[in-house]
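No lab work stands behind these numbers, since they all come straight from the coordinates. Keep in mind that what you see is a predicted model, and the values were worked out from it rather than measured. Counting neighbours? That spans all protein chains shown, and the Cβs are built from the backbone with ideal geometry, glycine included.
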């Protein structure tokens, strides 16, 4: 069903397939219509059959999103007035051309001729002369060598996020911003219930796939590849999961017989990791309030063999983790993983459109949602139980500030430290982007006394 919908959606792209036109269309959808690259990129990929063309589209669209403020600065210097209405897509096309010249080192002739042709494909032939002139002027005026004045544009961040990160991390803002522009590595979590880590490594070696092994169950691939072509994909031998996200199952410390809750579980990556860490757990409840995402959880767990393995001990429920009535018919839990809704500022290098979809006002609303869910899941935790609070954010108000306030307002909660330097005033483990090649993540472990 999903594939049929994908092809149906792709028919909304009215122009004929052409790489630069499709890249501009994708950027227009993301930046002007607020759509996600997760939704948009498959729609342009399906129009191109060669792997190298899909790779080019991925690199170009994500690359433009990573350095958007720089490209916009150049565009403003070269364009006499902003384009409007149906012509607006040509601004995105020009940025594709500028990105090729500045970052992909495409020859001037190729960058100009193909981008000019794309303006005609996008049904704006009257602007082709302007596109040609702008791209040639960029080279002639050597804008690439001229400094950018705005501090947030220098590091390619939206102004609101730059201010918040500068306040939180004044000593390493440049390092964090640079890491957000880097390409994220591809991590695998080997399903050790099906194949030993060392044996899977040998299978990759036999196919000439370069990789690094990090026990007990992690592999980092040296280059991106089609994961469906990797050994044992169909058999559930592995799942794609960043090393930072893989920490959750280890930190939760599930024991045999435990009744476990994975709140906000979809699409099930951490649920699967919990099972692989302790298949002898008593019962596991994976809850989320989005039916489509719960379907993905079921699909992922089935491929890995976990639905078959746990049987009636596994419960996938379509409920809201922040509502009290959700827990009326559920047992008390020994262990709870709360992977809370968040700004996702820690995974911007993996999803660069996040930078341009998030707004400063979103953070306050997310903090309230996190507080609501944390309060309700805490009530569902049995005395002596552990709750692991997690986000893929690097903003303190979603992370250490959130946990510190919770500890101050709940006398039955105490910090169960992950790291030696944790205190109740500065709780949790904040992983910054690219630290040990991981995404940005936050974890804090709480113990319930009574």
message: Bins of 5 Å, beginning at zero and ending with the bin holding the largest distance: percent of Cα pairs per bin for region 137-230, please.
response: 2, 11, 15, 13, 9, 8, 11, 11, 11, 6, 2, 1
- line: Cα-based Debye curve of region 2-150 sampled at q = 0.10, 0.18, 0.21, 0.22 Å⁻¹ gives log₁₀ I(q)/I(0) of -0.32, -1.05, -1.42, -1.56
- request: Using the number of other C-beta atoms within 10 angstrom as an exposure proxy, rank 421, 288 with the fewest first.
  value: 421, 288
- line: Rounded to the nearest 10 degrees, the helix 243-252 long axis (Cα) sits at an angle to the longest Cα principal axis of the chain of 10
- prompt: Where the Cα atoms of region 245-448 are projected onto their three principal axes, how long is each span, largest first, in whole Å?
  reply: 42, 40, 34
203, 438 arranged by Cβ crowding within 10 Å, fewest neighbours leading: 203, 438
message: Could you work out [θ]222 nm for the chain from helices alone, using -39500 (n - 2.57) per DSSP H run of at least four and dividing by all its residues? Round to the nearest 500 deg cm²/dmol.
response: -14000 deg cm²/dmol
- line: As a percent rounded to 5, the proportion of antiparallel DSSP bridges among beta bridges in region 245-448 is 40
message: I want the antiparallel fraction of DSSP beta bridges within the chain, as a percent rounded to 5.
response: 55
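Where does each of 240, 403, 67 land when they are ranked from fewest to most other beta-carbon atoms within 10 angstrom?
The order, fewest Cβ neighbours first, is 240, 67, 403.
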query: Hey, how much of the P(r) for region 186-240 falls beyond 12 Å, as a percent of Cα pairs?
result: 59
statement: Taking Cα atoms, the helix 51-66 axis meets the longest principal axis of the chain at an angle in degrees (rounded to 10) of 90
task: Sticking with the crude label model, points 7 Å out along Cα→Cβ, report the distance from residue 227 to residue 240 in nm, one decimal please.
output: 0.5
- prompt: How far is helix 159-168 tilted, in degrees, relative to the longest principal axis of the Cα atoms in the chain, given as a value from 0 to 90 rounded to the nearest 10?
  reply: 40
message: Rounded to whole Å, give me the distance from the Cα center of region 269-291 to that of region 184-231.
response: 22
